[in-house]
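The values are calculated or read from the model by the stated rules, or taken from the named source; none is laboratory data. Given the structure is predicted, the values throughout are model-derived calculations rather than measurements. Note: ideal-geometry Cβ built from the backbone for every residue, glycine included; neighbour counts use all protein chains shown.
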Amino acid sequence: MQKITIKKGHNINISGLASREFSNAPTQKFVSISPQDFNYIKPKLLVKEGDQVSLGDALFFDKINPEVKWPSIASGTISKIVYGERRAVLDIIIEVDEEKEKNIESDKQINLSSKDNLKEFIQKHNFWPFFTQRPFNKVVNPSDSPKCIVVSLADSSPLANDLSFSLAENKEYIISALSNLKKLTDGHLYVAVRGDNFSFLSDYDFVSLIQVEGPHPSGNVGVILNRVNPLNQNEVVWTVQGSHLPVLGKLFSKGIIDFSLNICVGGPAVKPSYIKSRMGARFDQYKDSLLMENVRIISGNVLTGKQVDIDGFLGFYHSSFSVIEESFERPFIGWLHPGGKSKYSVFNAYLGSNKKSFDFTTLQNGSNRAFVPVDAWEKVFPMDIYINALARSIEANDIDEMEQLGIYECDEEDVALCSFVCPSKSDVGAIIRKGLDTIYFDK
Amino acid sequence: MNFLRKIFEETGKLVEKGKPLSWAYPVWEAADTIFFSTNKQTSKGPHIRDNMDIKRTMFFVVIALIPCYIFGAYNIGYLNALAMEIERGIVGNTIFGFTYVIPILIATFVAGAICELTFAIIRKHEVNEGFLVSCALIPLTMPPDVPLWQVFIGTSFGIIIGKEIFGGVGTNIFNPALTSRAFMYFAFPTKISGDKVWAVGPDGYSGATALAIPANPVEYDTASNLFAANTQFDYSTVNMFWGLIPGSIGETNKLLILFGAFFLIYCGIASWRIMVSSVLGLVFTALLFNLLNYFTVDGILQSGGFPNAMLTITPLQHILIGSFLFGTVFMATEPVTSSHTNTGRWIYGFLIGVLTVIIRSINPAYPEGVFLAILIMNMFAPLIDYYVVQANIKMRLARNA
């Protein structure tokens with residue numbers, strides 16, 4: 001077992017952490033899959049409103065890489081396809097037919113003896129979208145051979161779904177999923193865990209177990225890779241969400257397609273809880289737990305998640321909802337405030353802040369300004385990359401320099417904390433994405 | 001509060017886009033967000049943000065400077081009372097001093113605000129709070145009896161040439177406050193070059209600042225002896241630390257400057273690396289020069305045919321005389337114009353210390369070398385960063401090979 005300790009970073013002390021027990025909630029009647037959750041794809045729909053689909057049927061494919069198809073995450077009827085500007089598909093909403101789901105037979109023909117067999121099997125069940133790659137954080141190209149595969153079971157983001165709790169009942173599926181993932185690469189299969197969680201994995205030699213310690217972003221795939229096996233130019237690394245391991249494991253070991261997912265709802269504006277639910281879950285089933293009227297519902301965590309409406313859906317790669325208050329407050333001379341309970345800062349700029357868990361709101365807490373490099377980003381960015389220089393090279397559109405400075409190792413989520421702490425209120429994630437886009441479309 | 005809020009909301013309508021007064025939006029926005037924190041929302045991830053913003057960052061630097069202002073005012077009154085041979089008491093001295101400090105402060109802020117607002121309106125960007133810090137720093141680098149029109153011109157030059165022509169805060173190469181200091185140093189040398197006494201006295205009152213004494217000695221001796229021989233002012237090490245000596249307004253009391261340094265370091269605003277390394281650079285070079293002094297004919301190093309007493313200044317005296325500490329703590333650490341990498345900050349600071357002693361000692365025509373040293377290093381900071389970043393690039397390329 002390898003141990004890595006991250007020093008630079010920050011655990012945001014946000015209130016509304018769910019306690020480790022499941023609460024009851026109504027079953028989901030509608031689920032959705034949104035092509036917007038996937039970077040750099042051109043979706044082409046294979047279904048239309050009113051079509052009957054069953055679990056795992058292809059819903060759409062990527063015109064750029066037609067092999068990759070997206071599975072239906074429920075059996076039932078396509079109840080609505082929501083379009084946005086320029087007819088971009090925002091949501092494919094499926095009305096769940098539970099009876100139909102129960103009667104689906106498992107796939108008995110499981111032959112996963114070789115890499116090619118496994119790839120065929122994944123292709124057959126349209127499971128490629130579960131695999132994403134670095135760089136670019138996009139769905140993999142199945143013909144690539146990744147130099148290694150990383151799975152993080154140590155999500156460190158604020159109010160993250162604690163996988164050591166929510167995956168506790170799925171030990172055998174996790175093992176089955178991991179043993180098969182190893183077949184997809186000639187390199188290591190890195191699995192990051194925190195403390196003694198998932199200690200049973202140390203019995204299996206196909207897993208290169210990594211024990212991570214330290215504050216967020218220590219559980220991020222990019223940060224772990226940067227420490228154990230840095231990504232170089234022209235290399236590809238695959239990754240799978242830790243929360244998806246049971247879904248993969250069930251398919252690989254028993255041929256069962258089951259998209260159930262234990263999700264976590266948290267945040268200052270909601271009664272926090274863990275819920276046995278499913279992928280693409282709709283938030284309005286949990287709206288009774290809201291504590292106030294004016295809220296922002298976020299699919300995913302508060303740093304990198306996506307804002308959804310009250311009847312919005314969980315993103316494909318997300319396993320938690322976070323809810324914070326939409327605040328429009330304008331405190332009088334707020335920048336002179338002495339501190340106390342109403343302020344939170346990683347700088348020692350307020351008296352007695354950060355002691356208790358804090359009720360964050362959607363306020364930006366300042367206006368946008370030019371970069372003033374007071375070493376804020378560097379304090380919370382643990383990679384050996386000069387993030388300030390990288391951001392400048394991106395703004396200057398200098399692709400060579402971006403590559404030299406290590407843009408391939410970064411993803412939006414790795415720099416989210418930089419945006420959080422930035423006194424100039426820059427969106428560092430957007431800058432990194434802009435750089436990745438520039439390179440992606442240049443090639 | 002509601003009344004004030006209403007005024008802003010009503011006036012805000014006048015400066016909306018498309019209205020005849022829309023050019024004044026940056027001015028309105030600046031006033032509005034000073035009185036009421038912005039209610040700007042996050043639009044996407046990260047949905048939550050830290051409570052620190054540039055307003056508070058800049059304001060904290062100003063807070064760190066306030067003790068220097070108060071002591072500076074007191075010191076003006078104290079030295080004046082000394083020269084006039086009268087008693088005025090602490091409060092009286094401070095009030096007397098403020099009658100000199102406040103006009104300089106007003107001249108600076110008027111000049112700074114005019115430049116900043118004009119550029120904000122022309123460029124249609126929001127008013128950046130950085131100018132508050134520049135304007136708060138400039139009076140502290142001035143002698144108390146500096147003519148106000150010189151302050152006005154100096155400040156305008158610093159803000160425009162030092163900052164705005166490069167694109168404003170975040171893109172400037174030189175520290176605006178130091179740019180105006182340098183401009184005044186060369187434009188009005190009779191008032192500000194540092195060899196005349198910097199105290200308010202009766203007409204015809206004269207004397208020498210601590211740096212001018214070893215720079216232009218009547219008869220060669222070591223710096224310590226020269227300081228001790230000066231009867232006009234108490235240039236003992238202890239008194240130079242407490243700051244009851246002539247100098248520019250903010251530079252004399254070292255304790256308050258150190259207090260400001262710890263405050264800024266604690267808040268995470270200024271880089272301790274720059275401060276520590278520039279002191280190291282200064283000590284290193286001063287010791288080197290002390291050493292050099294022993295390798296000379298008759299124990300006296302000849303400089304242009306004359307013995308150079310500046311070489312005998314001990315490291316501690318170098319730290320205490322002139323504005324080295326003030327420059328290091330408040331000027332060298334300016335985040336935009338200093339190095340942006342931690343390795344770079346060590347090099348940048350060290351070289352500031354080295355250059356300060358070189359400029360002070362080798363060419364005593366410029367007894368005060370700190371601001372020149374910092375400006376020179378401002379110029380080289382991007383180069384230092386370039387090489388630091390290149391090392392990172394080489395590491396990455398080597399890994400790839």
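Numerical summary
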{"read-out": "Residue within the stretch B:360-369 that is crowded, with 24+ Cβ neighbours inside 10 Å, within 14 Å of another protein chain (Cβ to nearest Cβ) and assigned to a loop (DSSP other than H, G, I, E, B) present", "value": "no"}
{"read-out": "Qualifying positions in the stretch A:79-131 - hydroxyl-bearing (Ser, Thr, Tyr), loosely packed, with under 12 Cβ neighbours inside 10 Å and either under 26 Å from A:LEU245 (Cβ atoms) or not assigned by TED's automatic domain parsing to the domain that holds A:GLU67 (or both)", "value": "A:SER113, A:SER114"}
{"read-out": "First in the stretch B:41-62 and closer than 12 Å to A:VAL302 by Cβ and at the interface with another protein chain (Cβ under 7 Å from one of its Cβ atoms), second anywhere and of a type in the set (Phe, Trp, Tyr) and surrounded by 24 or more Cβ atoms within 10 Å (Cβ to Cβ), Cβ under 7 Å, 6 or more apart", "value": "B:PRO46/A:PHE420; B:ILE48/A:PHE360; B:ILE48/A:PHE420; B:ARG49/A:PHE420"}
{"read-out": "Selection from the stretch A:396-443 of residues that are surrounded by fewer than 23 Cβ atoms within 10 Å (Cβ to Cβ), free of Cβ contacts under 8 Å to residues at least 24 places away in the same chain and within 11 Å of another protein chain (Cβ to nearest Cβ)", "value": "A:ASP400, A:GLU401, A:GLN404, A:ASP427, A:ALA430, A:ARG433"}
{"read-out": "Condition broken by A:LEU314, with the remaining ones in (1) surrounded by 20 or more Cβ atoms within 10 Å (Cβ to Cβ); (2) within 11 Å of chain B (Cβ to nearest Cβ) satisfied", "value": "(2)"}
{"read-out": "Subset tally (residues that are away from chain B (no Cβ under 12 Å) and among the hydrophobic types (A, V, I, L, M, F, W, C)) for the stretch A:285-311", "value": "4"}
{"read-out": "Matching residues in the stretch A:17-49 - criterion: being of a type outside the set (Ser, Thr, Tyr), within 15 Å of A:ILE78 (Cα to Cα) and in contact (Cβ under 8 Å) with a residue 60 or more places away in the chain", "value": "A:GLN28, A:LYS29, A:PHE30, A:VAL31, A:ILE33"}
{"read-out": "Single match in A:ILE263, A:ILE256, A:ILE224 (criterion: closer than 30 Å to A:GLU401 by Cα, more than 14 Å from every other protein chain (Cβ to nearest Cβ), touching a residue at least 60 places away in the same chain (Cβ under 8 Å) and hydrophobic (A, V, I, L, M, F, W, C))", "value": "A:ILE224"}
{"read-out": "Condition broken by B:GLU126, with the remaining ones in (1) in a loop (DSSP other than H, G, I, E, B); (2) touching a helix residue (DSSP H, G or I) at 6+ places or on another chain (Cβ under 6 Å); (3) crowded, with 23+ Cβ neighbours inside 10 Å satisfied", "value": "(3)"}
{"read-out": "The stretch A:317-337, subset assigned to a loop (DSSP other than H, G, I, E, B) and more than 21 Å from B:ALA30 (Cα to Cα), residue farthest from the other protein chains (Cβ to nearest Cβ)", "value": "A:SER319"}
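Let's see how each residue does on (1) modelled with pLDDT of 90 or more; (2) within 27 Å of A:PRO230 (Cα to Cα); (3) under 23 Å from the mean Cα position of the chain (by Cα):
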{"site": "A:GLU95", "(1), (2), (3)": "yes, no, no"}
{"site": "A:GLU98", "(1), (2), (3)": "no, no, no"}
{"site": "A:GLU101", "(1), (2), (3)": "no, no, no"}
{"site": "A:LYS108", "(1), (2), (3)": "no, no, no"}
{"site": "A:SER114", "(1), (2), (3)": "no, no, no"}
{"site": "A:GLU120", "(1), (2), (3)": "yes, no, no"}
{"site": "A:PRO142", "(1), (2), (3)": "yes, yes, yes"}
